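Below: one structure, written as structure tokens.
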Ligand SMILES: *[C@@H]1O[C@H](CO)[C@@H](O)[C@H](O)[C@H]1NC(C)=O
Ligand SMILES: *[C@@H]1O[C@H](CO)[C@@H](O)[C@H](O)[C@H]1NC(C)=O
Ligand SMILES: [Zn+2]
């Protein structure tokens, strides 16, 4: 007997499309910011990352430990996996250096691992070997902290939504999950080449390409399960300008740019010259012109000329994964790969704005409108600090 294979694969195709529902103004207004947890000296989330953390060193392991502890303590529903690889480097004198990627996944309960399409939110956590003592705050301590805050902000709403939908999680709509990839070994040890860079992401993309899900799964491999790979890099300096790099994912860029536009209009973007706090401090109340971080919402099809920045997405993109690359062009001048890329040089308003924008994007992607209870979340957080 022939099983209806044709029908099954059609279902898989249908599973990838869904109605995109925007989050309400009220939700945008109530998404909490990271507050003191992003304090560069004492903040529970950011401060422990702000240290040299070159791949293969003890500090690198301590930072990885910080991520694991964070998820285990605060977000027990996220499945944690370590992806290990080793490689020699131009400075290792033949020694194999370990690279450890952390993968934190939140899938709808009761779904099969091969049947969930995922939004992958990605940043690298290693820091550059030179200059000596380099911190890498925008590169990419701050992006890692942003993803941690995003995860804890959407966690309860995911639980609530899946609880409400528990009888039809496996229907044609397709199961959707979120994944955070904190990658190791992005930086070159000497200078950027095909083999001296992207140690963690090259190993992960290559391994995932050949890790097959059980037969009859909707997606063949974990690589295939990635609906969109959103890479955050070099974020946290003032006045970033992030182009839309890829025609194939410009639709996703537009969704995020629209959220940014709304956040600015609602007076929720702290770095905006027209934010109520800044307005209050200046005499001339005339609104000032402001440039969006994502300034290419209206980019024409013909304007995509194919330039992009080499980064952790490349090994995934080569294998057909859809990429949204959130990296400013130009790179922050005087900061990028300089000693000045430390906690003190972060523009905290910009860091908070990125965090809010990325969190709202995930909320919208995951259809979380109607499932947030920020008051309850706040109470719970306060109880935790009192303990
Ligand atoms: C490890 O981190 C500590 C704390 O930030 C720092 O003082 C030390 O220099 C780092 N070690 C290395 C080898 O960079
Ligand atoms: C990966 O490496 C870590 C140490 O960095 C170790 O604790 C873990 O067991 C390893 N995982 C696997 C699957 O080998
Ligand atoms: Zn770098």
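Ellipticity at 222 nm from helices only: DSSP H runs of n ≥ 4 in the chain, each -39500 (n - 2.57), divided by the residue count, give -10000 deg cm²/dmol. Note on residue 36/residue 215: beta-carbon distance plugged into 1/(1 + (r/R0)^6) with R0 of 56 Å gives a FRET efficiency of 0.70. Averaging the sequence gap over all C-alpha pairs within less than 8 Å and six or more residues apart, then dividing by the number of residues, gives the chain a relative contact order of 24 percent. Cβ-Cβ distance of residue 59 and residue 194, R₀ of 25 Å, FRET efficiency by 1/(1 + (r/R0)^6): the value works out to about 0.40. The length gained on full extension between residue 79 and residue 93, counted as 0.36 nm times the residue separation minus their Cα-Cα distance, comes to 1.4 nm. Straightening the chain between residue 282 and residue 112 buys 55.6 nm, computed as 0.36 nm per residue apart minus the Cα-Cα spacing.
Whole angstrom only: what separates the Cα centroid of segment 155-230 from the Cα centroid of segment 358-380? A separation of 21 Å, based on Cα centres. Once the Cβ-Cβ distance of residue 308 and residue 254 is raised to the sixth power relative to R0 = 25 Å, the FRET efficiency obtained is 0.90. Subtracting the Cα-Cα distance of residue 369 and residue 300 from their residue separation scaled by 0.36 nm leaves 21.8 nm. Taking every DSSP bridge with both residues inside segment 25-370, close to 45 percent are antiparallel. Computed over the chain with a Gaussian network model linking Cα atoms closer than 10 Å, the most mobile of 357, 46, 266 is 266.
Using a Gaussian network model of the chain in which every pair of alpha carbons under 10 angstrom is joined by a spring, one finds that among 290, 338, 81 the greatest mean-square fluctuation is at 290. Rounded to two decimals, the Cα radius of gyration of segment 25-370 over 2.2 N^0.38 Å is 0.97.
With the simple model of a label 7 Å out from the Cα in the direction of the Cβ, residue 164 to residue 289 spans 4.3 nm.
Expressed in units of 2.2 N^0.38 Å, where N is the residue count, the Cα radius of gyration of segment 226-353 is 1.16. Please grab the % of Cα pairs in segment 114-269 that end up more than 23 Å from each other. Summing the P(r) of segment 114-269 above 23 Å gives 52 percent of all pairs.
Label reach from residue 239 (point 7 Å along Cα→C-beta): in segment 134-153, amide nitrogens under 20 Å belong to 138-139. Note on the chain: GNM, Cα springs under 10 Å; of 93, 30, 213, the largest mean-square fluctuation is that of 93.
We did not get these values from a lab; they are worked out from the coordinates using the rules stated. What you see is a predicted model, and the numbers here were worked out from it, not measured in a lab. We place every Cβ from the backbone using ideal geometry, glycine too, and count neighbours over all the protein chains shown.
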